[in-house]
Every structure is written in C-alpha cells, then in structure tokens.
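To start, the structure under review is shown below, and the notes come after it.
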Amino acid sequence: MVTFAGLDHVAFTVTDLDVSQRCYTQVLDFVLVMDVRYGRVCMHPTTGFVLALVRPCPRCTPPVPGPRARTGPGSRRLLRRPPG
C-alpha cells in the first residue's frame, strides 16, 4: 500500500507576480530561486518546500463564459430579467 508522506511542491496561478512573490518571501521566508517571464519559483530554506507562482497566459487561457453561455438545468433562470 502506498502511504502519503506529504507535499514537497505546489504551483499557484496568480494575477500579480510581484505582490505574490513579496508575500511569500517577506512574510513566509521563501527565497526566490528562479524567475522567468511568466512565473517564479521560490523555495523555503528550512523545509525545502518548492512553490511556483505562475501568471496565466492570456493567449492560452480560454475566456470565462458569461451567463448567456451557460446551459443545463436552471439556465433559463439565469437568463430571465427581473421584473420592472
């Protein structure tokens, strides 16, 4: 049987790399180890935990559909205008 020992790395999609990096380095003591145009990799010096902060690519991310694009049960309720 496989046992779960814990996490050693994680990646978060963030909207602002500078703000996110500042939070993890100044508040949680992570150290920046790699910086690329669309993301940054930080490591915690004591635990070795690796954290990737990635900014979504606007060309690669499909747009979020609005309420008119929804289908399925209840979709008519979303499209109905309030009275008045």
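Values in this text are rule-based calculations from the coordinates and carry no lab data. Model, not experiment: these values are computed from the prediction. A quick note on method: Cβ atoms are made from the backbone with ideal geometry, for glycine too, and the neighbour counts reach across all protein chains shown.
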Checklist entry - Which members of the stretch 1-25 meet the condition of being surrounded by 10 or more Cβ atoms within 10 Å (Cβ to Cβ) and part of a loop (DSSP other than H, G, I, E, B)? => result 14, 16
Item to check | Those residues of the stretch 26-42 which are under 16 Å from the mean Cα position of the chain (by Cα) and in a strand (DSSP E or B), in sequence order | outcome: 39, 40, 41, 42
Checklist entry - List, please: which pairs have Cβ atoms under 6 Å, are six or more places apart or on different chains, and start with a residue in the stretch 18-43 that is closer than 18 Å to residue 8 by Cβ and free of Cβ contacts under 8 Å to residues at least 24 places away in the same chain and end with one that is assigned to a loop (DSSP other than H, G, I, E, B) and not β-branched (Val, Ile, Thr)? => result 30/44; 31/45; 42/30
